[in-house]
Amino acid sequence: TATGGGLTTIDAGGIDRVLHVGAGGSLTVEGVGITGGNTSGSGGGIFNQGGTVRLIDTTLSDNTAATGGGITNTGDLQIDNSTISGNTGGGIQNLIGGTLQITRSTISNNTKTSAAGITNAGSASIDNTIVAGNIGTLQNTDVAGNFASAGFNVIGKASVSATGFVAADIVGSVS
């Protein structure tokens with residue numbers, strides 16, 4: 001468990017990814033900034049490779065990866081009241097086998113070829129969250145994949161493959 005009270009930042013300085021959680025591992029991060037991760041693989045800020053990760057009041061920014069600039073997940077990932085912004089390679093990549101729960105969070109200003117906010121191939125639930133203002137360099141979309149929405153989300157541009165949003169969500173489309 002890492003608790004920073006909003007005053008602590010973990011900066012990898014562009015040397016490698018910031019955090020890597022392996023199968024069976026567990027990590028809770030609260031009130032901490034995670035920045036400066038850089039990898040040619042997945043998960044510039046965090047690579048959750050089959051473990052359990054919980055982010056509370058945390059900011060992931062300015063991380064770089066081929067995919068999942070902010071986070072790549074194949075395990076159990078819970079994000080609450082957090083910001084994922086300014087990452088290259090996308091904000092969140094949730095792969096097959098990954099379970100993602102996002103509540104009261106903002107995912108914006110991430111860059112990737114498409115679905116620059118969240119790319120989901122696993123199981124993902126989203127509640128009261130903003131996923132907008134991400135930059136897709138080939139197709140400008142914020143999300144792709146199937147989501148279970150609890151409502152009250154703002155989705156900037158959903159790809160044609162994005163499903164699961166409800167009437168209580170505001171969802172833009174690619175024009």
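The values are calculated or read from the model by the stated rules, or taken from the named source; none is laboratory data. A quick note: this is a predicted structure, and the numbers were derived from the prediction, not measured. Ideal geometry is used to build each Cβ from the backbone, glycine not excepted, and the neighbour counts take in all protein chains shown. With ligands, DNA and RNA removed, areas are computed over all heavy atoms of the protein, side chains included. Shrake-Rupley method; radii C 1.70, N 1.55, O 1.52, S 1.80 Å.
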Only listed residue being under 14 Å from residue 112 (Cβ atoms) and buried (at least 20 other Cβ atoms within 10 Å of the Cβ), chosen from 59, 72, 39: 72
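Counting only residues that are among the polar types (S, T, N, Q) and under 22 Å from residue 88 (Cβ atoms), which one in the stretch 121-160 is modelled with the highest pLDDT? Write out each step before concluding.
Going residue by residue through the stretch 121-160, those that are among the polar types (S, T, N, Q) are 123, 125, 128-129, 134, 137, 139-141, 146, 149, 153, 159.
Keeping just the survivors that are under 22 Å from residue 88 (Cβ atoms) gives 129, 134, 137, 139-141, 159.
Values: 129: 98, 134: 95, 137: 86, 139: 86, 140: 84, 141: 91, 159: 90.
Going through the qualifying residues, I end up with 129.
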Got at least one residue in the stretch 48-56 being closer than 16 Å to residue 143 by Cα, open to solvent by less than 10 Å² (accessible area, probe 1.4 Å), at pLDDT 95 or above and touching a strand residue (DSSP E or B) at 6+ places or on another chain (Cβ under 9 Å)? no
Within the stretch 1-49, considering residues that are within 18 Å of residue 80 (Cα to Cα) and not in a strand (DSSP E or B), the one nearest to the chain's Cα centre (by Cα): 45
Here is a list: 108, 173, 125. Which entry is open to solvent by 40 Å² or more (accessible area, probe 1.4 Å) and under 14 Å from the mean Cα position of the chain (by Cα)? 125
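Among the residues that make up the stretch 50-57, is at least one of them touching a residue at least 24 places away in the same chain (Cβ under 8 Å), assigned to a loop (DSSP other than H, G, I, E, B) and more than 21 Å from residue 108 (Cβ to Cβ)? Full working, then the answer.
So in the stretch 50-57, the residues touching a residue at least 24 places away in the same chain (Cβ under 8 Å) come out as 50-57.
With assigned to a loop (DSSP other than H, G, I, E, B) added as a condition, the list becomes 50-51, 57.
From the residues that got through so far, the ones that are more than 21 Å from residue 108 (Cβ to Cβ) too are 50-51.
The answer is yes; a qualifying residue exists.
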Within the bounds of the stretch 134-157, is there any residue that is aliphatic (A, V, I, L, M), in contact with a Lys or Arg (Cβ under 9 Å, 6 or more places away or on another chain), crowded, with 17+ Cβ neighbours inside 10 Å and not in a strand (DSSP E or B)? no
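Might you let me know whether the stretch 78-85 holds any residue that is modelled with pLDDT of 95 or more and in a loop (DSSP other than H, G, I, E, B)?
yes
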Residue satisfying all of: in the stretch 75-89; over 10 Å from the mean Cα position of the chain (by Cα) and in contact (Cβ under 8 Å) with a residue 40 or more places away in the chain; surrounded by the most Cβ atoms within 10 Å (Cβ to Cβ) among these: 89
Among what's in the stretch 111-122 and is farther than 17 Å from residue 146 by Cβ and not basic (Lys, Arg), pick the residue that is least open to solvent (accessible area, probe 1.4 Å). 116
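If you take the residues in the stretch 90-105 that are of a type outside the set (Lys, Arg), open to solvent by 40 Å² or more (accessible area, probe 1.4 Å) and over 11 Å from the mean Cα position of the chain (by Cα), which one is farthest from residue 157 (Cα to Cα)? Break it down into steps so the answer makes sense when it comes.
Step one: filter the stretch 90-105 for residues of a type outside the set (Lys, Arg), giving 90-103, 105.
Subsequent filtering for residues that are open to solvent by 40 Å² or more (accessible area, probe 1.4 Å) retains 95-97, 99, 101.
Going one step further and asking which of them are over 11 Å from the mean Cα position of the chain (by Cα), we end up with 95-97, 99.
Values: 95: 21, 96: 23, 97: 25, 99: 22 Å.
Among them, the one singled out is 97.
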Between residues in the stretch 95-109 that are within 14 Å of residue 149 (Cβ to Cβ) and polar (S, T, N, Q) and residues that are at pLDDT 95 or above and assigned to a loop (DSSP other than H, G, I, E, B), which pairs lie under 7 Å by C-beta distance while being six or more apart or on different chains? 103/128; 103/129; 105/81; 105/82; 105/129
